[in-house]
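Report on one structure; see the data block that follows.
Please treat every number below as a calculation from the coordinates, not as lab data. Model, not experiment: these values are computed from the prediction. Neighbour counts are summed over all protein chains in view; Cβ atoms, including those assigned to glycine, are modelled from backbone coordinates with ideal geometry.
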Amino acid sequence: MTAPVIELRDVIRRYDDGPPALDDVSLTVRAGESVAVVGPSGSGKSTLLNLVAGLDRPDSGSVTVDGVRVDGLGEAAAARHRRARIGMVFQFFNLLDDLNVTDNVVLPAQLAGMGRREAARRAKELLEVLGVDRHAEAHPSRLSGGERQRVAVARALMNRPPLLLADEPTGALDTASGRDVARLLTELNADGQTVVVVTHDLALARSCTTRTIRLVDGRITADRASDGIDGIDGSGGSGATGGGVDGSDGSGATEGATAAERAR
Amino acid sequence: MSAPGRVVRSGVGRRRVPGIVIGLATLMAVAASLLGGTLVVASGAPFDDAFARQRGAHLSLQFDADAGGPGQLSGTVHAEGVAAASGPFRTATVTPHAGEGVPAWPMTVAGRARPGGAVDAVTLTDGKWAARPGEVVLSAGSAVLPILGKRLTFPGLPGEPELTVVGVARSVTGTADAWVVPAQMAALTAPGGAGGYQMHYRFTEAGTAARITAGREAVTAAVPPGAVSGEQSWLTVKESAEHDTALYVPFLLAFGVLGLVMSVLVVGNVVAATVGTATRRIGILKAVGFTPAQVVRAYVAQALVPAAAGTALGVLTGHLLAVPVLAETEEVYGSTALAVTPWIDAVVVAGALGLVAATAWASAWRAGRLRTVDALAVGRAARPARGRRAARLAGRLPLPRPVGLGLVRPFARPARALATGTAIVFGAAAVTFTVGLGATLGKVMEAKAHDAADVTVEPPPPELGPDGPLPRTGPLADPAEIAAVIDARPGTARHHARATARATVAGVAGVTEVVSFTGDASWGGYTMSDGRWIARPGEAVVPTGFLSATGTRIGDPVTLHGLGDAVTVRIVGEVLDTRNDGMEVFTDAATLPDAAPEASASSVAGDTTHHIALEPGTDAAAYAAALNEKLEPLGVTARAGGDDRQSSMVLTLNALSATLTLMLVAVAALGVLNGVVLDTRERVRELGIHKALGMTPRQTVAMVLASICVTGLVGGAVGVPLGVTLHGLVVPAMGHSAGLNLPESVTDVYLAPQLLGLALGGLVIAAAGALLPAGWAARTRTAVALRTE
């Protein structure tokens, strides 16, 4: 069994006086896993992603990423932790329009203090691997949606993070481009990259991840192998949550985790 | 509340920073304009009122008694251009004795039967007019303290006549120091003394110096050449009367203009930027049914609400700032109570609000014309990308990446950078101007004080009684004895004695101080505006005020009366000095007659001071203490340092300029803050991306500060020469208003390192304005920022 990359313990996150966005969630993701977080709008998917990325803090509970408690980090420490250990891919790519592709990709490395020449060499490799090297000098507005997302993935991998977080990575893409990005994520995972994908697209979860977690109203209602999620949005999901997901011993020996390990 | 009203209220409430910026800019412009306008009016009004009421003389001429008789002079009233005239009045220069030990100063006395007349109607302020010989009316500004019942004797005149003060009067152009009945004049005219006649004229046209000259030529055409021994134009008197307040006018005018331009810029920039960032909101307003005119009105009102608040505070500030300045003006005109004139308030308030409304209207017009569909599409359509080349270049610079990312920002939004830069330019210019003004004023005060001496020896000041200075008791020391003590003291490098006597100059009423030096005084801190220092007896240097009042130039001879024999000196230089309105003559002691009877006995010796330069390394305090042991029997005291003079005007000017500069810099910094806040708000998603990629708060602050660096540096580099130019224009104008011809040594105050420091001041203003929004940017929650699509 590989070491845990993400560990959430009894996490509660509440905005203002409303119901909790995440309600007593515990979860473990191990190195090399490929996990999809699915659920309807307002289920807490983005909150979960923000907590893992250190962009937000829980009201209670703990969030550990790659051995570091991120819920206790200050802004600067969280930023340094993020750029070293987490790569992020967004639905709308979030590329900077006034920088060309290479400058976008090298940015995380430069923020971490890497020299431009070294960063450019790494960016070139990544762009080649991802098949967008011919656009290295172009500006993002000249690329197709799929190409932009590939550039975004290259940028996310720039600092060789142990964890790649993708928030609706195919949400703004046409079907063909979406398939292309899904294949890319699968290949990355096959090479050992831990991937967490937040999506409402079950087809994407099935195609590029091995484990799927379903969130409803801030609680995990299902955690199982992605190839068995056909009925996951039905009512049967909640029963599977009880003891299956909430592994209080921290071992992550849940039904879902086992399925994921099996898939890998 | 109507729908547009609600939109305005919510707009003002939501956008606090632009509101504060508009309010402060308006406050400053209104305060400076109000103060400037008030002073322009206040400086002229009292003199103009008095001049009109007293039918003041446009030109007063002094005629030599020998050159033309009264009959010949009466004929001059029919000359072309003369509207009215009075005279001839017999005049004489006399030196009255007002009591034992009281300094005796010469004065011009005129024989007039009554105070009124077609021209120069003298106003009686106390007592009555002289009705018979033996009575005298003193001018309110006379050197002899005008107290009713005081007896004046004239020991220098045959028969030693005695006069009793029966009244106090004031002539608006100061045509004489005292008036007696004409029958008294014979007894006051010394045989062979400087007797004469004076005539006062009003001309049909007298607004310019050229008109006065033309009038003078017309009236003197019929009298023999050389008959005119002195003259005084009302323009000179007016200028002198307005000196104190006129000094402020060019300076306040500069700040007023700076403030107004800044207000227009800031309001235009803020409203345009508000419209720019609220495009989507405007689209929604139009989509729900707002007409273009309603949209424009809503945005104009959003600017007018804070501008109205700023105007109200500006009026208050202007009135408060006017108090110390007007108090000085009141001193000049006695008890006249001056206040800000209501019509100035009205004009300034209407002007400021009108300007804001017009600027806001022009900027908001774009919002009205914006097509609803385009406005709604904002944020979703890609913005035209600018500054990509700069971005690529910055990416290759050996700088931390956040700094590089910040540096290229002005190239992405050139219009906003220009507006922000302009605010910085004005801030830097104001600081540069104020620093220069302070330095110049300091140098002027230094030059006026003539305080180059290390040690000064002076007699104790006379004690003051209810009727003025009390007579001195005890004998006065001989200056030569004091000089001998100083010479004998080790550590003395050089020294000179300075004595002051009083004289009159033909045609100019009032006393001219004659400062005479024993020994070389060229090192004594006298700043020459033109010409050279005195080199031999018979030469004199005079301040600008003397030259303009007497109409003389360097190289001209001038005759001084009231020092016993008439003394003629040749002017060889113009010295910087404003004491006694510049009516001073500096000359060598040997120029003056040995026996200046009344003057020397009671005045010169008593006023003699000795100024000592010490050998290098000599301790001034120890030297003065040692010297005092020897000087004690002589009744004089030595103290370390030169003349100690402070000017309340300089303090007021420095305080005023510092206040106005602070306000201007605050507005500039707020202009920057507004620009950066808008930029930050516009870039919030971009900031979110940076932070998601691992940009730390410190790196975010560095990026935002760097985004204003280029603008700040360029603003400083442009603002500093602008401030220097402004200083070069305004300060000589101020000097001119104050009757000073400022030499280069006083106006060339900027040093290269100082200018460099001031140029970096632009960066400081920029950083000060950007720091707050940089902090906000650093604290922006990434998750929220990323959701901003």
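The table for this structure:
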| item | result |
| --- | --- |
| Which of B:Ser263, A:Ser60, A:Ser26 has the fewest Cβ neighbours within 10 Å, and the rest in rising order | A:Ser60, A:Ser26, B:Ser263 |
| 16 Å cut-off, amide nitrogen to a point 7 angstrom out along B:Glu744 Cα→Cβ, residues in region B:525-543 | B:528-532 |
| Neighbourhood charge, 10 Å Cβ-Cβ cut-off, centred on A:Leu204 and excluding it, Lys, Arg +1 and Asp, Glu -1 | 0 |
| Sequence of A:Cys208, B:Cys709 once ranked by neighbouring C-beta atoms within 10 Å, starting from the fewest | B:Cys709, A:Cys208 |
| Peptides ranked, highest mean first, by Cβ atoms within 10 Å: ranges B:432-439, B:391-398 | B:432-439, B:391-398 |
| Separation of alpha-carbon centers, region B:199-225 and region A:165-201, rounded to whole Å | 100 Å |
| Span from the region B:722-789 Cα centroid across to the region B:500-551 one, whole angstrom | 41 Å |
| Phi-based couplings in Hz for region B:77-89 (Karplus 6.51, -1.76, 1.60; Gly and Pro marked x) | 5, 8, 4, 5, x, 7, 8, 7, 8, 9, x, x, 10 |
| Stretchable slack from B:Ala346 to B:Arg781, in nm (0.36 nm times residue separation minus alpha-carbon distance) | 151.8 nm |
| Approximate spin-label separation B:Leu397-A:Asp23, in nm, with each point projected 7 Å along Cα-to-Cβ | 5.3 nm |
| C-alpha long axis of helix A:116-130 to longest principal axis of chain A, angle in ° | 70 degrees |
| Isotropic mean projected area of the C-alpha convex hull, region B:104-145 (nm²) | 3.5 nm² |
| Label-point gap, in nm, between A:Asp97 and B:Ala493 - each point 7 angstrom along Cα→Cβ | 7.1 nm |
| Proxy reagent accessibility, fewest Cβ within 10 Å first, across B:Met695, B:Met185 | B:Met185, B:Met695 |
| A:Glu128/B:Arg386 FRET efficiency (R0 30 Å; Cβ-Cβ; nearest 0.05) | 0.45 |
| Cβ crowding within 10 Å averaged over residues, with B:59-66, A:151-158, B:354-361 ranked highest first | A:151-158, B:59-66, B:354-361 |
| Neighbourhood net charge (14 Å Cβ-Cβ; Lys/Arg +1, Asp/Glu -1) for A:Thr175 | -1 |
| Two-decimal ratio, region A:4-263, of alpha-carbon radius of gyration to 2.2 N^0.38 Å | 0.98 |
| Cα radius of gyration and Dmax for region A:81-128 (Å) | 10.9, 30 |
| Neighbouring partner chain Cβ atoms per residue of B:776-783, average, 10 Å criterion | 3 |
| B:Asp530 long-range amide H proximity, modeled H, under 5 Å | B:Glu574 |
| Distance (nanometres) between label positions extended 7 Å along Cα→Cβ at A:Ala138 and B:Asp48 | 7.4 nm |
| For A:Val89, residues with placed amide H under 5 Å, excluding near neighbours | A:Leu165, A:Ala166, A:Asp167 |
| In region A:7-106, the chymotrypsin sites (Phe, Trp or Tyr not before Pro) that fall in loop regions by DSSP, at most 13 other Cβ within 10 Å | A:Tyr15 |
| Radius 12 Å from Cβ of B:Ala293, net charge of other residues (Lys, Arg +1; Asp, Glu -1) | +3 |
| Three-way shape label, region B:87-202, alpha-carbon gyration tensor, a/c 1.5 | oblate |
| Shielding by other protein chains, A:105-112, mean Cβ within 10 Å | 5 |
| Peptide A:92-100, shielding by other chains (average Cβ, 10 Å cutoff) | 6 |
